[in-house]
Amino acid sequence: SDAICNFVICNDSSLRSHPIIFNPDFFVEKLRHEKPEVFTELVVSNITRLIDLPGAELAQLMGEEDPKLPGANSTASGFFRSLISLKRKEKGVVFGSPLTEEGIAQVSQLIEYLHKNLRAEGLFRVPGNSIRQQILKDALNSGTDIDLDSGEFHSNDVATLLKMFLGELPEPLLTHKHFHAHLKIADLTLFDEKGNKTSTPDKERQIEALQLLFLILPAPNRSLLKLLLDLLYQTAKKQDKNKMSAHNLALMFAPHILWPRNVTANDLQENITKLNNGVTFMIKHSQKLFKAPVYIRECARLHYLGSRACTSKDDLDLLTSSGSKELQPLKSQKRSRLDSCHQEETQQRTEEALKELFQHVHNMPDSAKKKKLIRQFNKHATALTPVSDVPTSPAPRRTRSRSFSGLIKRKVLGTPVILERKSRDTTPEPVRVSKENIQLLQKCGSPAHISQVKLKSLEGQKEGSCRHMRARLLSKDSSSL
């Protein structure tokens, strides 16, 4: 019974009006911290779906092999690489040391200050004062409080110091393991209708691939990268004031956040354009890159809440498509079972209640009220009352007396009455229209005339039947006499 989250009841009325913060990547972060191996396998399987990584490069991305970087076996620029490495030997608490939460907290002061001073022309390009930069660097390394708003430091001093901090890190902000993956992301282009590769970048796939790569970055690297790209994004938005576009900023920061350490421009050769364009793309789309893809969120959620954990976007599509088809018949079957069970329970309760009521009426002393209630039960026996063990005698049916004199009276005097009763009780038969009637209707034309013709025909039929009946009665009387 692993608890996913804890609910705390707050009795402080002043805090109830505050908005509730919902993190859509909650299960993603939970899976990253609790099961890092499962999380890495999930993300890397989707990265290989987007970009082609050979076995060696995939092993480097997973950390199973040391990354093979450009210029590692070259001796042409050995002097420059050794000079760069000597400059990074001197380590401080913040500058030159691996990323830590303490170091990020110190550097975040520089980022917050620059957010307030984005209008300075040539920001990150114009160098600051070296003396003020050294004072500020020593203060950050010692952990002393700094008042950047006092006016002692210029925005160019702070911007240059931020680039210096990134340049002195033991490895680039995006790490050496991810170098080859970023080169492959730059090659993601669209395909035409015939399936041929074009030169147009596939922005959607590039964003998706970067989202996945950023998910498997170390936590300190990911936190600082988010702060930095957001700062550069806001700086590029004010390029009409500071004259620094996203591409200009990428030229300043690509060597610090993406280039491998101890390499020169000659080592990278044709890859420099790819790397610079890649950083430009990151700055322009920075607001989308730190959100986990929807299918990663769903897979992480199903890992904790569902019975099955999917491993890729394709698995998730199959899961949702099959689940939606199977869910409808299951719901209908469940609903029909519930309805039938509910009807059976209701009918059973009704029958039991009627049995008790009938037994109670039967045990009552004999009276007119009891007889009335029993008659009501007998009247609705088929619809309401259950089969009772108490025998009930049916009411005797009265037989009508048929005397000879009464028969004569009914036949002689009661013919019109009988005809009227028959005409009331029986439904009229449909009138059959013959050819003669159709000709008659065509001749008459008016409904009033038609009604008169009908009345005459009925009177003639009535008189004929009366004459026939009188003749029969007279013949019977004469024979009896």
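In the set (1) crowded, with 16+ Cβ neighbours inside 10 Å; (2) under 29 Å from GLN60 (Cα atoms), PHE153 fails one condition alone, (2).
Inspection of the stretch 129-143 finds no residue satisfying the criterion of being touching a Pro at 6+ places or on another chain (Cβ under 8 Å) and over 17 Å from ASN221 (Cβ atoms). Scanning the stretch 249-290 for residues that are touching a Ser or Thr at 6+ places or on another chain (Cβ under 9 Å), modelled with pLDDT of 90 or more and among the polar types (S, T, N, Q) yields a single hit, THR280. Residues that are touching a Ser or Thr at 6+ places or on another chain (Cβ under 8 Å) and more than 19 Å from LEU50 (Cβ to Cβ) within the stretch 207-225 comprise PRO218, PRO220, ASN221, listed in sequence order.
How many residues does the stretch 192-221 hold that are over 18 Å from SER45 (Cβ atoms), open to solvent by 40 Å² or more (accessible area, probe 1.4 Å) and not in a loop (DSSP other than H, G, I, E, B)? Can you show your working first?
Kept after step one, since they are over 18 Å from SER45 (Cβ atoms), are these residues of the stretch 192-221: 192-204, 206-207, 218-221.
Remaining after also requiring open to solvent by 40 Å² or more (accessible area, probe 1.4 Å): 192-201, 203-204, 218-219.
In the following step, the residues that additionally are not in a loop (DSSP other than H, G, I, E, B) were identified as 197-201, 203-204, 219.
Number of matching residues: 8.
Being hydrophobic (A, V, I, L, M, F, W, C) and under 31 Å from the mean Cα position of the chain (by Cα) is the filter; apply it to the stretch 181-191 and report the residue that is surrounded by the fewest Cβ atoms within 10 Å (Cβ to Cβ). It comes out as PHE191.
Just one residue in the set ASP240, ASP267, ASP202, ASP230 is acidic (Asp, Glu) and under 21 Å from PHE165 (Cα atoms); that residue is ASP230.
Out of the residues in the stretch 125-142 meeting the condition of being touching a helix residue (DSSP H, G or I) at 6+ places or on another chain (Cβ under 8 Å) and under 12 Å from ASP157 (Cβ atoms), tell me which one is most open to solvent (accessible area, probe 1.4 Å). This residue is PRO127.
The values are calculated or read from the model by the stated rules, or taken from the named source; none is laboratory data. All of these numbers come straight from a predicted model, not from anything done at the bench. Positions of Cβ are backbone-derived with ideal geometry, glycine not excepted, and every protein chain shown enters the neighbour counts. Only protein heavy atoms, including side chains, enter the accessible area calculation; ligands, DNA and RNA are left aside. Shrake-Rupley method; radii C 1.70, N 1.55, O 1.52, S 1.80 Å.
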